[in-house]
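Throughout, read-outs are computed from the coordinates displayed, never taken from laboratory work. Because the structure is predicted, anything quoted here is derived from the model rather than measured. FYI the Cβ positions are ideal-geometry reconstructions off the backbone, even for glycines, and counts take in every protein chain you see.
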Amino acid sequence: MTAATAQAQARDRARSRRISGGRDKPSLVKQLILQAICLGILFTVMFPVMWILSMALDPRNLSRPDGLNLIPPGASLDSFRQVIAQPTVNPVTFVELALNSLKIAAGTSLASVMIGVLAAYVLSRFDFRGRQVLMIAILGVLMLPAVATLAPLFITLNQVRFDLPVLGEFNLRNSLLGVMIAITSGLLPFAIWNLKGYMDTIPRELEEAASVDGATKNQTFFRVILPLATPALAVTAFLGFLSGWTEFYFSWQFLENPKDFTLAMALYNLVGQYARTTPWSQFAAFAILTALPVSLVYFIFQRYIVSGLAIGGVKG
């Protein structure tokens with residue numbers, strides 16, 4: 001081996017150490033320990049999911065699996081068929097319940113992002129009297145639990161009544177729109193605070209450069225700020241959608257017409273007074289069908305959501 005070859009190999013090893021952060025490859029024992037830990041975490045996370053799936057397939061209506069068999073004896077999809085046709089005693093199908101939940105989830109997500117991004121941009125870029133007080137007030141509201149605003153929102157929305165010629169009497173509290181307003185009021189503080197923190201990281205020089213090029217304030221906001229804020233918008237929209245999809249408190253207290261019920265309300269109605277009176281197979285099937293849309297939304301927008309969740313992780 002020549003001196004030049006030895007030097008080249010030494011440089012390659014040094015380069016490899018720099019790329020790997022100066023750490024050597026872990027030993028076989030260490031790799032086995034790490035793999036065992038990862039498998040333990042995977043089992044801990046997946047075991048409840050497998051349990052629910054086994055319950056949904058079990059026609060015996062057991063509250064828990066009677067063994068370590070993923071597919072129970074006599075497994076069938078009857079519970080899924082029953083849930084899709086009519087999950088509860090109310091004359092409402094699963095599709096109607098899902099549409100109501102989708103309206104609430106999509107409406108609250110869209111409203112919180114649209115209003116939140118405008119308020120966040122103002123708080124991030126403009127200095128005005130009372131700005132600090134307003135930010136502290138938003139943070140204070142963010143600390144309140146959603147159930148704390150249940151009574152005042154119920155009374156306020158219940159006072160909004162109309163007698164429309166075609167639709168008849170309309171009560172804002174007893175409507176999906178009223179539930180959307182109530183949920184949005186709780187989502188806005190988080191949306192504003194989250195988006196404001198991200199917009200603080202966007203350099204002002206980009207807006208100044210756009211202004212020099214002749215862009216107006218609106219053009220700068222829509223063509224420069226919003227595209228750069230896509231990860232934060234995706235996170236805020238997804239969390240808003242998740243809150244609206246799984247919301248229970250406001251829907252249960254506000255809505256009276258079974259045609260307006262949501263998936264969370266129907267899932268609660270499946271629970272009997274005692275454990276043996278609960279149709280566990282249908283309950284498990286309903287829970288799986290309820291969780292699927294949110295999982296699909298996450299997988300579709302996973303790239304934006306993951307990058308948005310990492311915002312601020314490297315901020316100095």
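Here the Gaussian network model covers the chain, with springs between Cα atoms less than 10 Å apart; of Leu172, Leu296, Leu34, Leu34 fluctuates the most. Between Lys259 and Met143, full extension at 0.36 nm per residue minus the direct alpha carbon distance yields a gain of 38.4 nm. Taking every Cα-Cα distance in the stretch 66-225 and sorting them into 10 Å bins from zero, the calculated P(r) comes out as 8, 22, 25, 19, 16, 8, 2, 0 percent. Subtracting the Cα-Cα distance of Ser76 and Val294 from their residue separation scaled by 0.36 nm leaves 76.0 nm. Between the alpha-carbon centres of the stretch 178-241 and the stretch 70-94 there is a gap of 42 Å.
Just checking the listed ones, Gln31, Gln219, Gln82: in the Gaussian network model of the chain with Cα springs under 10 Å, the one fluctuating most is Gln31.
So for the chain, considering every pair of alpha-carbon atoms, how many percent are separated by more than 33 Å? Don't skip to the answer; put the middle values down first.
On the way: 24209 of 49770 pairs.
Cα-Cα pairs of the chain separated by over 33 Å account for 49 percent.
What the Cβ-Cβ distance of Tyr268 and Glu205 gives, at R0 = 41 Å and to the nearest 0.05, is a FRET efficiency of 0.20.
In this structure the amide hydrogen of Phe170, modeled in the peptide plane, comes within under 5 Å of the amide hydrogens of Phe162, Asp163, Leu164, none closer than 5 places in sequence on its chain. Extension gain for Gln302 to Leu32 (0.36 nm times residue separation, less C-alpha to C-alpha distance): 94.2 nm. Counting only DSSP H runs of at least 4 residues, each contributing -39500 (n - 2.57), and dividing by the residue count of the chain, the helix-based mean residue ellipticity at 222 nm comes to -21000 deg cm²/dmol.
Going from the residue with the fewest nearby Cβ atoms within 10 Å to the one with the most, Leu139, Leu28 rank Leu28, Leu139.
The relative contact order of the stretch 83-309, computed from alpha carbon pairs under 8 Å that lie at least 6 residues apart in sequence, is 31 percent.
An ellipsoid equivalent to the stretch 142-205, defined through the eigenvalues of its Cα gyration tensor, has semi-axes of 34, 16, 7 Å when rounded to whole angstrom and sorted largest first.
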